Amino acid sequence: MTILVIGGAGYIGSHVTREFLELGHQCTVYDNLSSGLRENLFPEAHFIHGDIHDYPALVHTMKSRKFDALIHLAASKAAGESMVNPEKYSRNNIVGTVNILNAACEAGINNIVFSSSAAVYGEPKYLPIDEKHPTQPENYYGFTKLEIERLLFWYEKLKNIHYACLRFFNAAGYDVKGVIKGLEQNPANLIPVTMETACGIRKEVYIFGNDYDTPDGTGIRDYVHVSDLAAGHIMALDYILKNEKSLTVNLGSETGCSVAGVIETARRVTCAQIPTKITSRRRGDPAKLYASSALAYELLGWQTHHSDMETLIRTSWEVYK
């Protein structure tokens, strides 16, 4: 197949691109390199330095080859930042997606895999969260992801676009084969922040609240290895191509790990002290968040293979150290 990976130079995007390439598919990466890295590009993949807000360039790219599908990974993704800078998230996530969808319609691309987020659910009513859980985002980032899902729903009805929405929380770890080594720029997620602290890039890790109703008082989150997520993108595309219908599934660990637990594992693996500082809770942060992947297993056969915390930390440290 011939695949267009929008945001393919980013952290998740590079792993998804690598997975497609290793299966023998042809890939074109479209990325503005605002957070993606040239070192995350591969010689086997064609690269176009472009922006999703440059609509003519987007259309030209999509018409330049007969793409079988596109993977949409172009979005701003820091939940905390979204609460103080909603303008950025409106433009990059919602307006940018409208451009992608309209360009896809012009170019005749009707298969899309979208990296959504389990942040669309908000405060959990029960755990683990499944796809029937109410969608009531607690932060603006989650709201934008839910709006994109709604856009895809309508474009399917009106333009016959088939899509897969993959809802997951925290992508973590690095390529288990050790090929991808580009570090995230200005990361906001816990594991890369912890790695930067272990390396001495940061002074300490901020723990946003230690008075939650959890065993150690710190928030529990769902972490999924990025290689497992990349495999999920392949399986989801295979599904919509074979069945000619859309799907929305969670890709989750089904258990979760506390912030303190992540840091303790990192201390053991890295042999670094990793200083921490307790600070106030962030707006929109629930005590516990982790997702059920039963539907993804049923429909796609997807399951985690590398998402234990030891592997998540070890593969991250192999790159950061």
Tilt, helix 190-199 to longest principal axis of the chain (alpha-carbon atoms), in degrees rounded to tens, equals 60
Option label - semi-axes √(5λ) of the Cα gyration tensor in Å computed here, alternatives [x] 39, 22, 19; [y] 36, 22, 17; [z] 31, 22, 18: [z]
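Keeping all protein chains in place and using 1.4 angstrom, which order do Trp154, Trp302, Trp317 fall into by accessible surface area, from largest down? Provide the component values of the computation, followed by the final result.
Working: Trp154 130, Trp302 5, Trp317 40 Å².
Correct descending sequence by accessible area is Trp154, Trp317, Trp302.
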Ordered by residue, what ³J(HN,Hα) values in Hz, to whole numbers, does region 62-72 give under the Karplus form 6.51 cos²θ - 1.76 cosθ + 1.60, where θ = phi - 60° and Gly and Pro are x? 5, 8, 6, 9, 8, 7, 7, 6, 10, 10, 9
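Ranking request for peptides 273-279, 55-61, 290-296: highest mean number of other beta-carbon atoms within 10 Å first, then the rest in descending order. Show your work: numbers first, answer last.
On the way: 273-279: 12.6, 55-61: 16.7, 290-296: 22.1.
Answer by packing, highest mean first, reads 290-296, 55-61, 273-279.
Please give me, ordered by residue number, the trypsin sites (Lys or Arg not before Pro) of region 133-162 that lie in loop per DSSP and have at most 11 other Cβ atoms within 10 Å.
Within region 133-162, no trypsin sites (Lys or Arg not before Pro) qualify (loop, at most 11 other Cβ atoms within 10 Å).
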Amide H contacts under 5 Å for Glu138, restricted to residues at least 5 apart in sequence or on another chain and with H modeled in the peptide plane, are Gly122, Glu123
Taking Cα atoms, the helix 259-270 axis meets the longest principal axis of the chain at an angle in degrees (rounded to 10) of 90
Rounded to the nearest Å, what's the spacing between the alpha carbon centres of region 178-228 and region 57-76? Just the number, please. 31
Using 13 Å as the cut-off for backbone N distance, which residues of region 7-37 belong to the label zone defined by a point 7 Å from the Cα of Lys88 along Cα→Cβ? 34-35
With Cβ to Cβ distances under 15 Å as the rule, what net charge do the other residues near Glu19 carry (K, R +1; D, E -1)? -3
Heavy atoms of Phe143: accessible area, 1.4 Å probe, square angstrom to 10: 80
Would you mind telling me the share, in percent, of accessible area of the chain contributed by carbon and sulfur at probe 1.4 angstrom? 49
May I ask for the angle, rounded to the nearest 10°, between helix 96-107 and the longest principal axis of the chain, with both axes built from Cα atoms and the value confined to 0 to 90°? 30
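Send over a whole-number figure in Å² for the accessible area per residue of region 56-105, probe 1.4 Å. Don't skip to the end; give the middle numbers.
Details: 2130 Å² over 50 residues.
I get 43 Å² per residue for region 56-105.
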Compute, for Met235, the solvent-accessible surface of its heavy atoms (probe 1.4 Å) with the complete set of protein chains present, and express it in square angstrom to the nearest 10. 60
One computes Rg over Rh for region 239-294 from alpha-carbon atoms, with the Kirkwood Rh, and obtains 1.19
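Mind ranking Lys125, Lys242 by accessible surface for me, highest first, 1.4 Å probe?
Values: Lys125 120, Lys242 165 Å².
Highest to lowest solvent-accessible surface, that is Lys242, Lys125.
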Per DSSP H run of n ≥ 4, the term is -39500 (n - 2.57); total these for the chain, divide by its residue number, and report the mean residue ellipticity at 222 nm rounded to 500 deg cm²/dmol. -11500 deg cm²/dmol
State the antiparallel share, in %, of DSSP beta bridges confined to the chain, rounding to the nearest 5. 5
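Is region 12-113 rounded, prolate or oblate when judged by the Cα gyration tensor, a ≥ b ≥ c being the square roots of its eigenvalues, rounded requiring a/c under 1.5 and prolate requiring a/b larger than b/c? Intermediate values should be presented prior to the final figure.
Details: a/c = 1.96, a/b = 1.30, b/c = 1.51.
Oblate.
The values are calculated or read from the model by the stated rules, or taken from the named source; none is laboratory data. Everything numeric here is computed off the predicted structure, so don't read it as measured data. Cβ coordinates were reconstructed from backbone atoms using ideal geometry, including for glycine residues, and neighbour counts include every protein chain displayed. Note: accessible area is taken over every heavy atom of the protein model, side chains too, but ligands, DNA and RNA are not part of it. Shrake-Rupley method; radii C 1.70, N 1.55, O 1.52, S 1.80 Å.
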